[in-house]
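Following: one structure in structure tokens, then a few remarks.
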Amino acid sequence: MTVTMLMFCPTCANVLVVEEGQNCYRFACNTCPYVQNISQKMSSRKYPKLKEVDDVLGGAAAWENVDSTEETCPKCEHNRAYFMQIQTRSADEPMTTFYKCCNPECAHRWRE
């Protein structure tokens, strides 16, 4: 797998392109006359720090005092599920119903 790395011009901060020179490849700027020969393999890895995701349903505590209804779980076919309704879109749209299987061994979650 080949991953492309972006290099930036130290003069004008534009992205450098790789072009074929006389005897080697080189980085070149399309905006200014900056050129740098590539004499060795260049590689580095930088993994972005991911943001922490908020549980929009309120986490495990949100399911503590909810009602249950007759709804078949699509995973284990249990015939009962907890449910809650949340307005996830604009006010003129219907509410979204979230379900959690009442079978403690399954606890599958889905929405409708």
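Would you confirm, using the coordinates I've provided, whether Tyr82 is in a strand (DSSP E or B) and either under 25 Å from the mean Cα position of the chain (by Cα) or of a type outside the set (S, T, N, Q) (or both)?
Details: in a strand (DSSP E or B): yes; either under 25 Å from the mean Cα position of the chain (by Cα) or of a type outside the set (S, T, N, Q) (or both): yes.
Yes; evaluated as a whole, the condition is true for this residue.
Could you tell me whether Leu50 is among the hydrophobic types (A, V, I, L, M, F, W, C), in contact with a Cys (Cβ under 6 Å, 6 or more places away or on another chain) and either in a loop (DSSP other than H, G, I, E, B) or at pLDDT 85 or above (or both)? Step through it out loud before you land on a result.
Details: among the hydrophobic types (A, V, I, L, M, F, W, C): yes; in contact with a Cys (Cβ under 6 Å, 6 or more places away or on another chain): no; either in a loop (DSSP other than H, G, I, E, B) or at pLDDT 85 or above (or both): yes.
Answer is no for this residue.
Would you confirm whether any residue within segment 97-109 is among the hydrophobic types (A, V, I, L, M, F, W, C), surrounded by 12 or more Cβ atoms within 10 Å (Cβ to Cβ) and at positive phi? If you could, list the steps in order and put the result at the bottom.
First, pick out the residues of segment 97-109 that are among the hydrophobic types (A, V, I, L, M, F, W, C): 98, 101-102, 106-107.
Retained after the next criterion (residues that are surrounded by 12 or more Cβ atoms within 10 Å (Cβ to Cβ)): 98, 101-102, 106-107.
With the extra rule that they be at positive phi, the set shrinks to 107.
Yes, because at least one residue in segment 97-109 is among the hydrophobic types (A, V, I, L, M, F, W, C), surrounded by 12 or more Cβ atoms within 10 Å (Cβ to Cβ) and at positive phi.
The values are calculated or read from the model by the stated rules, or taken from the named source; none is laboratory data. As the structure is a computational prediction, the values presented were derived from the model and not from experiment. Note that we place each Cβ from the backbone using ideal geometry, even for glycine, and neighbour counts take in every protein chain shown.
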